[in-house]
1. Considering 1, 55, 40, which residue is without any contact (Cβ under 8 Å) to a residue 40 or more places away in the chain and part of a helix (DSSP H, G or I)?
2. Just give me the residues in the stretch 19-32 being in a helix (DSSP H, G or I) and over 16 Å from residue 62 (Cβ atoms), in sequence order.
């Protein structure tokens, strides 16, 4: 697996975050890409919005 800090991977990750946040009920406040994992601070309008936002990030990242 390539490093998550690779420029191409960073661009795709940021694209997936934008896509996940488009609905407005899920927001990424801050994130930190490490070599092999991600730290994120997020806000959501509730547990369902949080779950859907995180699923959206995961699915968008896999599709890339």
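Only the coordinates and a few stated rules stand behind these numbers; no lab work does. Fair warning: this is a prediction, and the values are worked out from it, not measured in the lab. Neighbour counts run over all protein chains shown; Cβ positions are idealised from the backbone, glycine included.
1. Criteria check complete, one pass: 55.
2. Hit for the stretch 19-32 is 21, nothing else.
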